[in-house]
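Undergrad: This is the structure, below, for whatever I ask next.
The values are calculated or read from the model by the stated rules, or taken from the named source; none is laboratory data. Since we're looking at a predicted model, the values are computed, not measured. Note that each Cβ is placed from the backbone with ideal geometry, even for glycine, and that neighbours are counted across all protein chains shown.
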Amino acid sequence: MIPVVPLYEFREMSIPSGLSRHAVVRLLTDHAEYGHWELARVRLYPDGQRKVWLKRRLIKVQRTA
């Protein structure tokens, strides 16, 4: 049996500094709940801009017939 290595799909989002923390939490929660994304990394810049990386597992479907 061949070991299965999970593969991930990544998505990068830039969030402007003018967005409130509540709005950012709501945005990321929606992505997690409806798109099955999870938080991979957040980077906060000195000007207040946030860069967010989301990831989700790719599901490989194998043909049975």
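Undergrad: Out of the stretch 19-65, which residues are in contact with a strand residue (DSSP E or B) (Cβ under 7 Å, 6 or more places away or on another chain) and among the polar types (S, T, N, Q)?
TA: Q49
Undergrad: Residues to consider are L58, L27; find the one that is in contact with an Asp or Glu (Cβ under 8 Å, 6 or more places away or on another chain) and either at pLDDT below 95 or polar (S, T, N, Q) (or both). Spell out how you get there, then give the answer.
TA: Details: L27 fails: in contact with an Asp or Glu (Cβ under 8 Å, 6 or more places away or on another chain).
Matching residue, one of L58, L27: L58.
Undergrad: Considering only residues of the stretch 18-42 that are surrounded by 11 or more Cβ atoms within 10 Å (Cβ to Cβ) and basic (K, R), which is farthest from R57 (Cα to Cα)?
TA: Selected residue: R26.
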